Each structure stands twice: as C-alpha cells, then as structure tokens.
Amino acid sequence: MPEQTEEITLLETLDHLLDRGVVIAGEATISIGDVDLLYLGLNIVLANIDAVIRTSQK
Amino acid sequence: MKSVVIGIHLNREDVEPVAESMKVSDVFASVVGVADDRPLGDRDLLLEIAAIRGRLLDKATFIAVRYGFTVRDENELAIKCSGLTARWRELLVAHRDEVEMTLKAAAAAAPPARPDRHDFPSGAAYLRALHDATQTIHVDPEFRVGIERTLVPIATQHRWIHRDTHSVELAMLVGRRNLDAIRDAGEKLRRDFANAPFLLSGPWPLEVFANDHHE
C-alpha cells in the first residue's frame, strides 16, 4: 500500500506540474531522446487534447 | 542556458534560495537554469522541478506557471509577461495565506463513448464534441452532497471542473490554517462513502484560482 500511495502522489504531482497553472504565451518543444513529443505553441502548453480544448475556449 | 519558469511570487525572499529569482515588474519569477541540450521532457528534470515547486510552496503561496515555459533572461520574461503582472500581484496579495486543494472523484457512470473523429466534418467540430463529452460527467449526487457538506464549507472558494471523461474535480481555495480541517473532512468523507473512490490532494500553489476562467 505505501508504494501505491507513493505512485499516486507522484502521478498527481506530475499532473499538477504538467496540466495546471497559468499559461503564458511562448513556445517550446518537449522531446525525449531525439523525438519531439509535443509542440508547445502560443497559449498551448504541454496540453493533452482536453486541455487544448479548454485553452482554446479561454 | 535556458530558464524554466516555475511560478510567480510576491517577494524575492519567497523564491531564494530554493530557486533563482527573476524580477518582472513588481513581482518575481522562480526559475531553474537548464542546459540547452537537455530536453524539457527529461524525467529527472521533471521530478526536480516538482520537488522545487513543493519547497517553494512551503515558503509562501505563489502562482504556478504551467510547465514548459522558458526564457533566456529578464528582458524576455518582461516581454512575455507584459500586461499580466498587475493582476498576478493582486492575486498574490489577496491569497497570501491560502493554498489550493483538489478532490478528484470517479465518474458515477461509465464514460460516454469517445467521439470518432471520422464522424465530423472538421477538426474544430470534433474537438467541440470531445469537450462536450467531458461536460456530461458527474459524480453520484449523494456523494456530491456529502462533499458539499464536509469539504466545501471549509474552503473560501471552490470550483467544479470537468477535465476528462472519467472523473470530476473539485478545486478548493483553503486557508493554510484550515489544512488539517480539510484533511479531517476528507477522512470523514472516506468513512461515510466507503464505496466512492476519490483522491484528496494538496496543498498546491494557485493553479485553478489564478486563471480567470470559471467553469
């Protein structure tokens, strides 16, 4: 159980880091190794598709 | 060297020595220097930034900046944050003694079928349908009443948020002095609704309540 709790805490922490907070205009590319995973454009930062929709409605 | 921006703070001493600070108008950004050839998706970097975020919140409440925003120097930061800092300062002063807590609850019913992108004439129509699908998700009404009787009265503000098709979230702004009360209320909720899975997490910096977007 403690390991499970630790995993949940880590996932929740990363979820908040990656998908919460104010979005500032800018751009960057997130990549792992040589593969670009996400292009972060104007007002769309590290967003999954649902977050993209929410952002586009602001 | 680029600087990853973690948050916006009222005072320089709210940032240092946990992170480096950059002045932007009359507030301060917390930043961490990252080598240009190190990708932002680096696992260790993510964990490092998450840990720094936690230590910064221990010092004082701040506005979280979504991960991925980088600048070269204070000039670039000033240009990109132009027009935002006055509002940030207002929020930081108003919520100096508050933090956010989040309750994530599983949806009461099976999620609706995800829209098929081939059924829509345009990408925009598909995205709208996908968004609408998330808005139909609700928690069990009794459980929701339980939440609103136990947790919500302790919070100074709260918002229900639909983020995906599997869960609903309640974001709460809570006085730091009330964190134990919120956790106790969470335990009571767990006892009263043993079959309703939920996750109460926090404290977090100002994330939901730093945005003007109300749901």
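The values are calculated or read from the model by the stated rules, or taken from the named source; none is laboratory data. Note that the structure is a prediction, hence the values are computed from the model and not measured. So basically every Cβ, Gly included, is an ideal-geometry build from the backbone, and we count neighbours across all protein chains shown.
Below is a table of values for the structure above.
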read-out	value
Checklist (1) more than 18 Å from residue B:90 (Cα to Cα); (2) within 12 Å of chain A (Cβ to nearest Cβ) applied to residue B:17, failing item	(2)
Top-ranked residue in the stretch B:37-60 [being out of contact with any strand residue (DSSP E or B) (no Cβ under 6 Å at 6 or more places or on another chain) and not in a helix (DSSP H, G or I); ranked as nearest to residue B:175 (Cα to Cα)]	B:60
Residue under evaluation residue B:163, criteria (1) modelled with pLDDT of 90 or more; (2) touching a Ser or Thr at 6+ places or on another chain (Cβ under 8 Å), criterion not met	(1)
Where residue B:57 falls short, out of the listed (1) surrounded by 15 or more Cβ atoms within 10 Å (Cβ to Cβ); (2) modelled with pLDDT under 90	(2)
Hits in the stretch B:103-135 - residues which are at pLDDT 75 or above, hydrophobic (A, V, I, L, M, F, W, C) and assigned to a loop (DSSP other than H, G, I, E, B)	B:120
